[in-house]
Amino acid sequence: MTKPKIIPMKLFVLALTLATTLFTKSSFANEGTAIEPEVLKSFQTTFAAAQNAAWSETENLYKVQFALNDQRITAFYQKDGTMAAITRNISPAQLPVSLHTALKNDYKTYWVVELFELSNDEGVQYYVTLEDADNKVVLKSTAATWNLFQKQRKD
């Protein structure tokens, strides 16, 4: 009997974010997707002022994208209503000072394509996608430093 492979939560949430972006059934204003009552209650309790909620469902999670205080936010819920993670797009100026400085100093020739903050039970991490003329790089924060998560040469 083999033991099941345990996936670290950080990798799980990132994979979840990417997978749900690519492989979800979209539903706007909850039309066509039956959302579990526990999930709706949890969402409405946590984000009472949310607007324009758009729900989608994967095999194991519900994803809701919404506006709150002029920000676009994405939350992921387990079927029992427990929030698994939350993400929001941010600007480089909203990064912690050490991460912002490292980004400016170490990646001067790159431009920011995407930057988001991911919060879950393990804390807050940041992911940034950078590009230059030849490469696309994804960095992930660990404490106060950036680590290479993915690098791809442009064609």
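Sparse packing (at most 16 other Cβ atoms within 10 Å of the Cβ) combined with a DSSP loop state is found for the following trypsin sites (Lys or Arg not before Pro) in segment 50-82: K79.
For segment 90-145, GluC sites (Glu not before Pro) meeting the loop criterion (DSSP other than H, G, I, E, B) and having at most 14 other Cβ atoms within 10 Å: E122.
Local charge for G81 was computed over the other residues whose Cβ lies under 13 Å away, with Lys and Arg +1 and Asp and Glu -1, and equals -1. Loop-located trypsin sites (Lys or Arg not before Pro) in segment 92-148 (DSSP state other than H, G, I, E, B) with a sparse environment of at most 11 neighbouring Cβ atoms within 10 Å: K108. Pairs from the table (K63/K154; K63/K140; K41/K63; K79/K140; K63/K136; K63/K151) lying more than 19 angstrom apart at Cα are K63/K154; K63/K140; K79/K140; K63/K136; K63/K151. In the full protein context, segment 57-155 carries 56 Å² of accessible surface per residue, based on a 1.4 Å probe and ignoring ligands, DNA and RNA. Within the shell of other residues whose beta carbon sits under 11 angstrom from the beta carbon of Q65, the net charge comes to +3, with Lys and Arg scored +1 and Asp and Glu -1. The local environment of K41, defined by Cβ-Cβ distances under 14 Å, has a net charge of -2 under the rule Lys, Arg +1 and Asp, Glu -1.
The values are calculated or read from the model by the stated rules, or taken from the named source; none is laboratory data. Quick caveat, the model's predicted, so the values are computed rather than measured. All Cβ positions, glycine included, derive from the backbone under ideal geometry; neighbour counts span all protein chains shown. Ligands, DNA and RNA are stripped out before the accessible areas are found, and what is left, the full protein with its side chains, is counted by its heavy atoms. Shrake-Rupley method; radii C 1.70, N 1.55, O 1.52, S 1.80 Å.
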